[in-house]
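Take a look at the structure set out below.
Since every read-out is calculated from the coordinates, none of them should be taken as a lab result. No experiment lies behind these values; they were computed from the predicted model shown. FYI the Cβ positions are ideal-geometry reconstructions off the backbone, even for glycines, and counts take in every protein chain you see.
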Amino acid sequence: MLAVNFLILAAVLFSIGVFGVIARRNAVMVLMSVELVLNSVMLNLVAFSQITDSIDGQLFALFVIAIAAAEVGVGLAMVLMVYRNRRSIALDELSEMKG
Amino acid sequence: MPPFVGPEVAWFALSPLLVLSGGGLLLLVVGALTGRWPRGLYAAVTATVAGTAAVLAAIQWSRIADDGPSTLVAGALSYDAFAQFLTITILISVILVVLLTDEDLHESDADGPEVYGLYLMAATGGIIMAAANDLIVLFLGLEALSLALYVLAASARQRSDSQESGLKYFVLGGFSSAFFLYGIALIYGGTGSTNIGRIVASLQSSVTTGGDNALVLAGIALLLVGLGFKVAAVPFHVWTPDVYQGAPTPVTAFMASVGKAAAFAAIVRVLVVALPFYREDWRPAIWLLAVLSLVVGSALAVVQTNVKRMLAYSSISHAGFLLVAIEAAGHRAGEADPGSGVVALVIYLLAYSVLVIGTFAVVTVVGRNASGDVTLDAFKGLSTRRPALALALTVFLFAQAGVPFTSGFVAKFGVIQAAVEERSYAIAIIAMVAAVIAAFLYLRIMVSVWLSGESSDVDGEPDQTLRIPIGAGLAIAAAAAFTLVVGVMPGWLISTAEAVTTYAR
């Protein structure tokens, strides 16, 4: 079935996103990787909506788009705040607290 | 095509949520349009809004007791005793935290409506999670709570450790939310619906005809990753110490109480209510998370020197106890006699929320005078400087350790009893051993408070007197009174909580 291909694409996107979050040290790149994971979820939802022939998935995808936008807004604001203070957005340099 | 018909909305049943979210928005808008309000007014308004919502939730509780549980807004929210109990727990926590926040904000000259508005929004999200009867709604509640918490963690904008804790929490939190969402998508694919009632119905027919559903199993695994992060269970706990340490202390208290209560409510909704047919699959995972959290949380707490970090690890160990209750509930999830796991869980959540806020309230008061320093040294000689405060801290720490005649004992006893009833002897023994290890940590703080002499300043200057602000004093007194009353007379709480296992779906 054709829809299964979309699920495979979503899984690949998900894996790329997870790899990005783990491997990147730049906060903005990590943010983009998280967005990639969310996009893979949306693809999944729409594909499942086709397979199971119900509308819930497409509805959910709309909600996810809104949430993702809110998340990026908060995230970029926070990155900007940290950049103003430290002139750097490398996540591995955020290590004031240890123990 | 039939015309679109909107769902029927029972406005009064939704009133606690409406009051909270409306109050939060109003506070933000009016606060932004007017100048700075007189000292303490923001806190008073917020506490009033939360108090009103709590009273409305209590009214809903009695209506549910009369009429039985049902669902609201076309099956999106459940209207049952579990939701109302968690609503009241969350609102009590909000009121106590608000009392602490006023002084903390005033001290750093940051009086304003933003923090209070975010508290109310986060509480709304938490209550939606506790009442969700649809995975979409559950996710929306989770994000409303989490986004507010990220901002709250970074709300002391001028302090770089607060910024750091906010960004760390955001990156890891957003990542875990994405896992959670992928899990929901897979369960939707496996069952054809996001509504919990319809998921149960769909699984009932497919499980009885035999065969496991690979999509649902993978979905459960991803959901457990997301939820494990939110409740700070080992191995998803790495953010907890840093975030708890860097965030302003009242916000830390908020995370430890409201954040935990809402996340555990979500676990109950997803695992116990929606997926009872897969209990043999998720129970071993919960068992492992519980044991790891208990052991690692208790062991690492003991070696810390910063009190906020200590309490962060101790909250991980408490999460382990709460997971033991979920494990116990997992043995008979979905049966007519559900066992006492969830009852023990809600009692533990209420008791723990109150006493953890009390503990952090004392840390706020002590930490302020030591110019933000909350190492163990800051507590030295507290018994001679402020005997009442030292006494209250002792009550809270005894309660966290689970000493009899405190609410902590009632909570821990309930959880262990629930585990033993289900013959989970191994996990009950591990939990008790972990409680003993954790007791050592609380004793370390108490030794600092009672047995060490006056903290010696380098210049030999006398310690400035420790001032207890009215709000914080009220919060500490109320939390200590609750801790002792529940410890001595737990009967009423237990019999009230027994109503929570009849879910609407």
Quiz item: Taking region B:169-188 on its own, how many of its residues are surrounded by fewer than 24 Cβ atoms within 10 Å (Cβ to Cβ) and either free of Cβ contacts under 8 Å to residues at least 24 places away in the same chain or at the interface with chain A (Cβ under 7 Å from one of its Cβ atoms) (or both)?
Solution: 2
Practice problem: Specify the residue that is nearest to the other protein chains (Cβ to nearest Cβ); the eligible residues are those in region B:231-273 that are over 16 Å from B:SER93 (Cβ atoms) and among the charged types (D, E, K, R). | Solution: B:ASP242
Quiz item: Which of the following residues is of a type outside the set (S, T, N, Q), out of contact with any strand residue (DSSP E or B) (no Cβ under 8 Å at 6 or more places or on another chain) and at positive phi: B:GLY341, B:GLY402, B:GLY367?
Solution: B:GLY402
Exercise. Among the residues of region B:145-168, count how many are surrounded by fewer than 22 Cβ atoms within 10 Å (Cβ to Cβ), within 7 Å of chain A (Cβ to nearest Cβ) and more than 18 Å from the chain's Cα centre (by Cα).
Key: 3
Exercise. Mind listing just one residue for me: the one in region B:346-396 that is of a type in the set (S, T, N, Q) and closer than 16 Å to B:ALA475 by Cβ and, of those, surrounded by the most Cβ atoms within 10 Å (Cβ to Cβ)?
Key: B:THR359
Quiz item: Can you name the residue in region A:1-38 that is of a type outside the set (A, V, I, L, M, F, W, C) and closer than 25 Å to A:THR52 by Cβ and is also nearest to the other protein chains (Cβ to nearest Cβ) among such residues?
Solution: A:GLY17
Exercise. Among the residues of region A:64-87, count how many are surrounded by 17 or more Cβ atoms within 10 Å (Cβ to Cβ), closer than 18 Å to B:PHE180 by Cβ and facing another protein chain (nearest Cβ under 9 Å).
Key: 5
Quiz item: Out of region A:44-60, which residues are more than 9 Å from chain B (Cβ to nearest Cβ) and either in contact with a Leu (Cβ under 8 Å, 6 or more places away or on another chain) or in contact (Cβ under 8 Å) with a residue 24 or more places away in the chain (or both)?
Solution: A:VAL46, A:GLN50, A:GLN58
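Confirm whether B:GLY166 is within 21 Å of B:VAL346 (Cα to Cα), in contact (Cβ under 8 Å) with a residue 60 or more places away in the chain and not β-branched (Val, Ile, Thr).
No, not satisfied.
Residue-by-condition table, conditions (1) touching a helix residue (DSSP H, G or I) at 6+ places or on another chain (Cβ under 8 Å); (2) of a type in the set (Phe, Trp, Tyr); (3) not in a loop (DSSP other than H, G, I, E, B):
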{"site": "B:SER317", "(1), (2), (3)": "yes, no, yes"}
{"site": "B:VAL324", "(1), (2), (3)": "yes, no, yes"}
{"site": "B:GLY330", "(1), (2), (3)": "yes, no, yes"}
{"site": "B:ASP337", "(1), (2), (3)": "no, no, no"}
{"site": "B:LEU345", "(1), (2), (3)": "yes, no, yes"}
{"site": "B:ALA351", "(1), (2), (3)": "yes, no, yes"}
{"site": "B:THR359", "(1), (2), (3)": "yes, no, yes"}
{"site": "B:VAL362", "(1), (2), (3)": "yes, no, yes"}
{"site": "B:ALA388", "(1), (2), (3)": "no, no, yes"}
